[in-house]
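Please treat every number below as a calculation from the coordinates, not as lab data. All figures in this text were calculated on a predicted structure; none of them were measured in a lab. Methodologically, a virtual Cβ is constructed for each residue, glycine included, from the backbone with ideal geometry; neighbour enumeration extends over all protein chains shown.
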Amino acid sequence: MEPVRARLVATLFVLLAAVAPAYAQVEATIVGTVADESKAVLPGVTVTAADLATGRQFTDVTDVRGEYRLVGMQAGKYKVQAELAGFAPSVLSEVELLVGQNATIVFSMKVASIEETLTVSAAAPLVDTRQAQVSGNVDRRQMEELPINGRNWLQLSTMVKGITANQITDTSTPNGSSRTAAFRVNLDGQEITQETSVTGFGQPGISRDAIAEYQIVTNMFDVTMGRSVGLQVQAISKAGANNYSGSMYGYFRSDKLNAADAYTGKVLPYSNQQVGGTFGGPIIKDKMHYFFSYEYQREPNTIVIGPSVYSSGAAITS
């Protein structure tokens, strides 16, 4: 029993080690400079970003050029603060980072004559000036609020510039191609597009309620993505937070609600049911969280396969 337990523990450590570099593909970054009111750079300023949902913090100290860099951040909403003795703290109460985004935030601090804090209520758009890739994002609000017939979350990719398709299924791509090499999906930094499968090819079915948001890169993606001759999708799954939250849902479609075809006068048989739910929360506040998602789908279907008919005397060649 002990050798089995040891192997399980070793496997767990290997998996955790493999996940860490994979997240580099979906992480966000905040960079910038800190200066005083005279535009002189300030070294030694402590810049901290705190995740509003999980409480996780990222910290850096400005160098001699007044520059800082916060890396390894996950998409979400953050409170960003700059502090230096003798100066009033400068605070951005809410900054939203999207998947793969490199945000630039410049702080301006003033000398504090009394105990005070400078809170910035509005900021310039977080323009990414550090990447040349052509990309677009489907954010959390769009994932939660926009209805989709069939609940295939990849269909929202048609909202991104440069994406055109009549429909997107598990075995097709937003650029109209059926080649999986032209459309790669990465979930939490790990590629999940199926090249070989006993059930079929394409993208695996994942519940829409388990996906938080995603980014689509249509051109000039870097070497960390690779293996695609067309598009790259960088998606992240939902995660638990300091507050308990969950959902339950049920979607039902039936041919009894469909109108008859205008030409044949018949209603094609169809039935589809999707039920599921999610639940997440804290294990240790600000340190460890959990998230659970379950979905069941039933769609009866009939496939008729007839034998091949060969005329007499026909030869079968390979």
Cβ-defined net charge surrounding Pro147, 15 Å radius [Lys, Arg +1; Asp, Glu -1]:
+1
Past 29 Å, Cα to Cα, is the threshold; run Lys110/Lys285; Lys161/Lys266; Lys77/Lys285 against it and keep the listed order.
Lys110/Lys285; Lys161/Lys266
Burial-style ranking of 153-163, 209-219, average other-beta-carbon count within 10 Å with highest first, yields 209-219, 153-163
Quick one: net charge around Val41, please, counting Lys, Arg +1 and Asp, Glu -1 for every other residue with C-beta under 13 Å from its C-beta.
-2
